[in-house]
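A quick write-up on the structure given underneath.
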Amino acid sequence: MNHCRKTRKFSWFAIAFWFTVMGMLFWTLYDGDWEAVLLADNVRWIKSLDSRPAWSTPIAPTYEEFQYAFREQPGELPITAPIKARLRWDRMLMEFLLRLWGVVVVFALLSVSNLSEQRSLASCLARSCAVTFTVAAALCLVLSVVLNGWGLAFPHVFAIVGLLLGLLHGEATWKRRQVS
């Protein structure tokens, strides 16, 4: 049964899929996760900042704002240490991968329900990535429970490996089906 044959036309499914993926990427970049960091004497104080676009660096809080945020902590904050705002790329990557997982699962289900759309590259990628993302998430959860309780063990690594394997498998399936 050839589900992933090459088609010459660019379908509504493929257009919707790619626009949704790009929309998730833009949403993640627009909803940037920022934090302020004060580093002195090998001690790091971190304060979360409001969300704002990745391309719009917020003004770092003043020393007084930082001191007020850590008023319950023992010891004094060093006055001479600079306070810098930085983007939390690790969180943003995880947010994007979680959003992407949802997108590929929805589009995989749409692709299965619409037989005419099962031949496009977008359909093959959506189905393969949906499966590999889900398997990677399950493996991450099982490994986390086995190794260290409920803290997730390397979720970024599992998600990226799941994405890459899904992309490779989806493309290989699409190419293999166009030959037959």
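The values are calculated or read from the model by the stated rules, or taken from the named source; none is laboratory data. Note that the coordinates shown come from a computational prediction; the quantities given were computed from them, not determined experimentally. Backbone-built Cβ (ideal geometry, glycine too); neighbour counts: all protein chains shown.
Annotations
- Of the residues Leu49, Leu93, the single one that is touching a helix residue (DSSP H, G or I) at 6+ places or on another chain (Cβ under 9 Å) and of a type outside the set (D, E, K, R) is Leu93.
- Among the residues making up the stretch 49-88, those that are over 26 Å from the mean Cα position of the chain (by Cα) and either part of a helix (DSSP H, G or I) or of a type in the set (Gly, Ala, Ser) (or both) are Tyr63, Glu64, Glu65, Phe66, Gln67, Tyr68, Ala69, Gly75, Ala81.
- Answer residue from the stretch 39-81, given it is within 24 Å of Glu95 (Cα to Cα) and charged (D, E, K, R) and is modelled with the highest pLDDT among those: Arg52
- Just one residue in the set Val112, Val104, Val145 is of a type outside the set (S, T, N, Q) and in contact with a Cys (Cβ under 6 Å, 6 or more places away or on another chain); that residue is Val104.
- Glu95 vs. criteria surrounded by 13 or more Cβ atoms within 10 Å (Cβ to Cβ) and at pLDDT 85 or above: yes
- Meets criteria (surrounded by 11 or more Cβ atoms within 10 Å (Cβ to Cβ) and either in contact (Cβ under 8 Å) with a residue 12 or more places away in the chain or under 26 Å from the mean Cα position of the chain (by Cα) (or both)) for Ile46: yes
- Members of the stretch 154-170 that are at pLDDT below 90 and surrounded by fewer than 17 Cβ atoms within 10 Å (Cβ to Cβ): Phe154, His156, Val157
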